[in-house]
Structures are given as structure tokens and as C-alpha cells.
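A.B. asks: Submitted below is the structure of interest, expressed as C-alpha cells.
The values are calculated or read from the model by the stated rules, or taken from the named source; none is laboratory data. Values in this document were obtained by computation on a predicted structure and should not be read as measured data. Note that each Cβ is placed from the backbone with ideal geometry, even for glycine, and that neighbours are counted across all protein chains shown.
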Protein chains: 2
Amino acid sequence: MKLGNTDIDQKLAEVTGWTTDDHKWIVRKYRFASFMQGIEFVNKVARLAEAVNHHPMIAIDYKMVTLRLTSWHAGGLTDLDFESAAKFDQAFTDIAAGSGSPD
Amino acid sequence: MKLGNTDIDQKLAEVTGWTTDDHKWIVRKYRFASFMQGIEFVNKVARLAEAVNHHPMIAIDYKMVTLRLTSWHAGGLTDLDFESAAKFDQAFTDIAAGSGSPD
């Protein structure tokens, strides 16, 4: 079910580094120590996304990876986007382990 | 060495699917049969890029992967960009093997 703006703002307050684009998308940039570490992260994100058939848009700009999430079927953001964001953040924490930092 | 516009146009005529953005970038979109096949391609691209320390910008939009190449140090396009493009095209051919097609 599509979330309203108030719900979105509340959920955003509970996560780190994510911003909203017009309450239609949530976006986060992750910075890595190396290009290949960013690729490792993208692979983890891909597996997590494929497992629930909910795929972020992914941009890889050298050591920076940007994820953008929305729920096309709902025409906006849903709980699934925030659940996915939490999983991706955990994957980042696991990989970076002190060597990367959010941009 | 930075290539002039005439050289760029000539080299573009020799490759398939690549277009130029203001003679500053070359860009190609690849479409895959599945999201995970696109991820496999990105991994190949990453290894090829890392080997010569020349990294394209990569965007993954579900089954579509977009590569953008330029040579920052030269302030434009160089032979290295076209050499990289040829390698990425070969990786695409190897992976898609009939199941994907350029967009």
C-alpha cells in the first residue's frame, strides 16, 4: 500500500543517509574505499533485491554507489522500500566495516 | 591524447550501439534477459575496467545497463575509451549469447 507523506517522513527519520525525492523515491549514496568494494556491494544488493523481486535503480560512479527505490505497482513508496533500504544499509555495514563511509 | 570530433565520429562509425554525448562521452545501453544477467555483465565490465584503471559510469535500471565512458585526465575522449567500449561489447556478446539484445 502506498505510504502517505507523513508516514514517509517518519520512516525517513528512522534511517540514516536516505533522502526522499518528491516523496516518490528514496535515495542514498554510499561511498567505498575502492571501486571493487562498491561492486561487491552492488552484488549483495542485487541478490537481496532479486530475492524479493524488488529492484532498486543502481548507479556506480567510481567509488560511489547510489540506490534509488520506489514501488512502481503502488505508484509511490511502500513499506517494501523501507525494508529494502534497511537490508541494503546492513549490507553496506557488513562490507565497509570501517573502511567506507556514507557520502 | 584527446581525440578531435572528426576522429570520434569515425571511431563511432566502427562500433555498434554507441552514441556520443557532446563528443565528451560515449554512451551505450545494453538490455538483458534478466536482472541477474545484467549484474553478471556489470561484474565483467568492472573486472575489465579495474584491470586498466579506466572506469565507466554504470547505471543499472532493472534489465538495462548503461555505460558512459570518458577520459577525465584528457578532458574528453581518448583511444582508451574506444578500446574499453570494444571490450565491453565483447563481454556483452559472451553473456547475452542470443538471449539479450542492445536496446
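A.B. asks: Somewhere in region A:3-11, is a residue over 14 Å from B:D61 (Cα atoms) and either modelled with pLDDT under 95 or within 14 Å of another protein chain (Cβ to nearest Cβ) (or both)?
C.D. replies: Here is the first cut: in region A:3-11, the residues over 14 Å from B:D61 (Cα atoms) are A:3-11.
The next check asks that each one be either modelled with pLDDT under 95 or within 14 Å of another protein chain (Cβ to nearest Cβ) (or both); those that pass are none.
Among the residues of region A:3-11, not one is over 14 Å from B:D61 (Cα atoms) and either modelled with pLDDT under 95 or within 14 Å of another protein chain (Cβ to nearest Cβ) (or both), which makes the answer no.
A.B. asks: Got a number for residues in region B:55-87 being in contact with a helix residue (DSSP H, G or I) (Cβ under 7 Å, 6 or more places away or on another chain) and among the basic types (K, R)?
C.D. replies: So the count comes out to 2.
A.B. asks: Another question, then. Whether any residue in region A:31-42 is away from chain B (no Cβ under 14 Å) and either at pLDDT 95 or above or under 26 Å from B:A51 (Cβ atoms) (or both) is what I want to check.
C.D. replies: Of the residues in region A:31-42, the ones away from chain B (no Cβ under 14 Å) are A:31.
Narrowing further to those that are either at pLDDT 95 or above or under 26 Å from B:A51 (Cβ atoms) (or both): A:31.
Yes, region A:31-42 has at least one match.
A.B. asks: Can you work out which of the residues in region B:45-70 that are among the hydroxyl-bearing types (S, T, Y) and either at positive phi or surrounded by fewer than 18 Cβ atoms within 10 Å (Cβ to Cβ) (or both) is farthest from the other protein chains (Cβ to nearest Cβ)?
C.D. replies: To start, the set of residues in region B:45-70 that are among the hydroxyl-bearing types (S, T, Y) comprises B:62, B:66, B:70.
Then keep just the ones that are either at positive phi or surrounded by fewer than 18 Cβ atoms within 10 Å (Cβ to Cβ) (or both); that gives B:62, B:66.
Details: B:Y62: 5, B:T66: 9 Å.
Here the residue is B:T66.
A.B. asks: Now for a separate question. For the subset of region A:61-84 comprising residues that are assigned to a strand (DSSP E or B) and in contact (Cβ under 8 Å) with a residue 24 or more places away in the chain, which member is farthest from A:F32 (Cα to Cα)? Break it down into steps so the answer makes sense when it comes.
C.D. replies: We begin by selecting, within region A:61-84, every residue assigned to a strand (DSSP E or B); these are A:61, A:64-69, A:71, A:76.
Filter again for in contact (Cβ under 8 Å) with a residue 24 or more places away in the chain, leaving A:64-69, A:71, A:76.
Numbers: A:M64: 6, A:V65: 8, A:T66: 11, A:L67: 14, A:R68: 17, A:L69: 20, A:S71: 27, A:G76: 29 Å.
By that ranking, first place goes to A:G76.
A.B. asks: Please go through (1) buried (at least 18 other Cβ atoms within 10 Å of the Cβ); (2) aliphatic (A, V, I, L, M); (3) over 10 Å from the mean Cα position of the chain (by Cα); (4) not in a loop (DSSP other than H, G, I, E, B) for A:L3 and return the number of the only condition it doesn't satisfy.
C.D. replies: If we test A:L3 against (1) buried (at least 18 other Cβ atoms within 10 Å of the Cβ); (2) aliphatic (A, V, I, L, M); (3) over 10 Å from the mean Cα position of the chain (by Cα); (4) not in a loop (DSSP other than H, G, I, E, B), just (4) comes out false.
A.B. asks: What is the residue count in region A:26-43 for residues that are assigned to a helix (DSSP H, G or I) and either of a type in the set (G, A, S) or in contact with an Asp or Glu (Cβ under 8 Å, 6 or more places away or on another chain) (or both)? Break it down into steps so the answer makes sense when it comes.
C.D. replies: So the first thing to find is which residues in region A:26-43 are assigned to a helix (DSSP H, G or I), and the list is A:35-43.
Going one step further and asking which of them are either of a type in the set (G, A, S) or in contact with an Asp or Glu (Cβ under 8 Å, 6 or more places away or on another chain) (or both), we end up with A:35-36, A:38.
The number of residues fulfilling the criteria is 3.
A.B. asks: Taking B:L80, is it more than 9 Å from chain A (Cβ to nearest Cβ) and in contact with a strand residue (DSSP E or B) (Cβ under 7 Å, 6 or more places away or on another chain)? Quick ask: steps written out before the conclusion?
C.D. replies: Working: more than 9 Å from chain A (Cβ to nearest Cβ): yes; in contact with a strand residue (DSSP E or B) (Cβ under 7 Å, 6 or more places away or on another chain): yes.
So B:L80 passes the test.
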